[in-house]
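Each remark here refers to the structure printed beneath this line.
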Amino acid sequence: MRPWTTVKLILLLAILVVLAFIADANRNILGQEFEFFGVYRMPTLLVIILAFVLGLLVSVIMLGLREAEALAGKWRGRVGKKEAARADALTFAAMDAIMEARLADAKRLLADALRTQPDHPRARLWLGHVHRLEGRAEEALREHQILLAQTPEAWAPQVEIARDLMALERRDEAVDTMRHALKQHPARWEEGNLLLLDIHMAAGEWDRAQDVYEQIQKRAESERRDDPRPECQYVLPYCKATALIEAKDFKGAEKILRRLVKEQPKFAPAYVALGKARMFLGREGEGVETWVEGMRVTGSLAFLPMLEEHFLATERPDKALEAFRGIAASEKNNVLSQFLLGRLYHRLEMMDEAYKQFRTIESRVSHSPTFHYFMGKLRERRGALPEALESYKRVIEESGVLALQYVCRSCGASSESWSDRCERCRTWGSTELDFRTELTPDEMGLAEAPVYSAASGT
């Protein structure tokens with residue numbers, strides 16, 4: 001027998017002895033009858049025993065209820081953990097679907113997660129994000145407001161609400177939301193101010209954006225850290241200059257852009273905007289020279305279609321031919337410049353010249369459907385296999401490859417027009433002509449140029 005069990009038995013025996021001694025000492029009292037309501041009588045000892053048993057029973061019942069409640073709590077906890085784990089798994093799967101642009105799948109998974117655990121914060125946060133990606137900013141705002149009501153001082157829902165308000169073009173409310181969040185979370189100062197910077201930039205409030213950016217720069221310098229948005233040194237003046245061009249303040253825009261191309265000579269959008277500003281000021285020659293210089297410095301041939309459209313719009317095809325011939329002659333190994341010269345010949349109905357030009361590069365661009373389309377048209381005009389070429393022409397026309405395509409060198413997104421900033425990844429100066437051949441970019445004469453990514457701050 002264990003020592004503790006022996007001790008307990010001895011204590012129980014001692015208690016019984018004491019109780020027996022007390023009962024014997026008071027046997028006259030215990031033997032008397034106890035009267036209930038003048039009707040029922042019972043020995044006092046029996047009354048005491050019944051009272052003891054009743055008290056013991058109540059204690060046992062209360063203890064049992066407490067134990068049952070504890071067991072139910074543990075069961076609910078286990079079920080809750082299983083539900084939370086399932087909701088987490090569904091949410092992570094939805095996040096993968098979002099990364100793969102499968103928004104319908106992501107929404108279904110997040111809805112399942114919220115059915116499994118209605119108050120799952122991450123699932124509701126990402127469901128709102130999906131709504132915003134789908135262009136339903138009002139629904140996104142509703143989801144994030146529900147989440148904020150559940151967690152009133154949380155940072156993430158307030159940030160998402162600010163982004164929803166930006167999507168709804170309620171920028172003043174977005175700014176107020178972020179400032180309120182920053183008061184609650186001073187440790188998030190940089191992240192919040194980067195979002196404020198985005199809000200002001202989206203609103204075209206370049207002076208306010210510049211003020212916020214300078215504060216971010218000063219904080220980074222004081223803490224001896226790298227600038228979190230170094231591209232803003234160039235993007236902010238560029239955006240301000242383009243806004244001035246839209247407002248027809250061409251001289252103000254030229255002043256900013258002239259300084260910008262000196263400070264950042266590889267930033268192609270600055271040359272594009274500077275050329276336009278000079279043309280609007282009536283200095284067309286300087287504008288054309290700016291685009292040619294931009295092409296030479298940055299290595300981007302995206303300037304060539306701009307030159308082509310400009311000269312043809314002003315009914316000076318001879319100038320376009322002069323520029324294209326000069327570039328093609330100076331860069332004979334550049335397949336794209338040779339192709340664009342042939343394309344210009346074709347556009348000007350100079351069919352013999354176009355045919356000769358295309359033949360010089362035919363073996364080097366065997367995988368370009370655009371090239372084969374032009375060759376098909378030329379051969380049709382020369383009377384070679386008209387029926388077959390007509391069918392081929394229709395296939396090409398239906399396939400949508402007639403227009404030049406542009407591609408983002410940062411994320412690979414394609415578009416039909418040149419842009420200073422990629423719509424998908426928000427990278428500046430990364431848009432380039434997408435002309436598919438078997439040659440490498442170096443062999444085509446496409447020089448590497450820096451891109452200015454906004455990913456570090458968003």
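Can you tell which of Ala454, Ala413 is over 20 Å from Val365 (Cβ atoms) and modelled with pLDDT under 65?
Matching residue, one of Ala454, Ala413: Ala454.
Can you go through Gly128, Gly192, Gly204 and tell me which one is out of contact with any Asp or Glu (no Cβ under 7 Å at 6 or more places or on another chain), buried (at least 16 other Cβ atoms within 10 Å of the Cβ) and either over 23 Å from Tyr234 (Cα atoms) or without any contact (Cβ under 8 Å) to a residue 60 or more places away in the chain (or both)?
Of Gly128, Gly192, Gly204, the one residue that is out of contact with any Asp or Glu (no Cβ under 7 Å at 6 or more places or on another chain), buried (at least 16 other Cβ atoms within 10 Å of the Cβ) and either over 23 Å from Tyr234 (Cα atoms) or without any contact (Cβ under 8 Å) to a residue 60 or more places away in the chain (or both) is Gly192.
Would you check which residues across region 326-345 are closer than 16 Å to Leu404 by Cβ and of a type in the set (Lys, Arg) and list them?
Correct list: Arg343 only.
Select from region 327-352 the residues that are among the hydrophobic types (A, V, I, L, M, F, W, C) and under 17 Å from Glu315 (Cα atoms) and write down the one among them that is surrounded by the most Cβ atoms within 10 Å (Cβ to Cβ).
Looking at residues that are among the hydrophobic types (A, V, I, L, M, F, W, C) and under 17 Å from Glu315 (Cα atoms), I get Leu344.
Mind checking which residues of region 147-166 are aliphatic (A, V, I, L, M) and exposed (fewer than 14 other Cβ atoms within 10 Å of the Cβ)?
Ala149
Against the condition within 30 Å of the chain's Cα centre (by Cα) and of a type in the set (D, E, K, R), how does Glu246 come out, does it pass?
When the stated conditions are applied, Glu246 passes them.
Conditions tested, residue by residue: (1) under 22 Å from Cys232 (Cα atoms); (2) surrounded by fewer than 16 Cβ atoms within 10 Å (Cβ to Cβ).
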| residue | (1), (2) |
| --- | --- |
| Leu257 | yes, no |
| Gln264 | yes, no |
| Tyr271 | yes, no |
| Ala277 | yes, no |
| Gly282 | no, yes |
| Gly285 | no, yes |
| Trp291 | no, no |
| Gly294 | yes, no |
| Val297 | yes, no |
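What are the pairs, 6+ residues apart or on separate chains, where a residue within region 213-236 that is modelled with pLDDT of 90 or more has its Cβ under 7 Å from a residue that is among the basic types (Lys, Arg)?
Tyr213/Arg229; Ile216/Arg229
Go through (1) in a helix (DSSP H, G or I); (2) buried (at least 20 other Cβ atoms within 10 Å of the Cβ); (3) not acidic (Asp, Glu) and name the single condition Lys251 misses.
The failed condition is (2).
Six or more apart or on different chains, Cβ under 9 Å: which pairs go from a residue in region 322-341 that's assigned to a loop (DSSP other than H, G, I, E, B) to one that's surrounded by fewer than 15 Cβ atoms within 10 Å (Cβ to Cβ) and acidic (Asp, Glu)? Could you list them?
Asn333/Glu443; Asn334/Glu443
The values are calculated or read from the model by the stated rules, or taken from the named source; none is laboratory data. Remember, it's a predicted structure, so these values are computed and weren't measured experimentally. Positions of Cβ are backbone-derived with ideal geometry, glycine not excepted, and every protein chain shown enters the neighbour counts.
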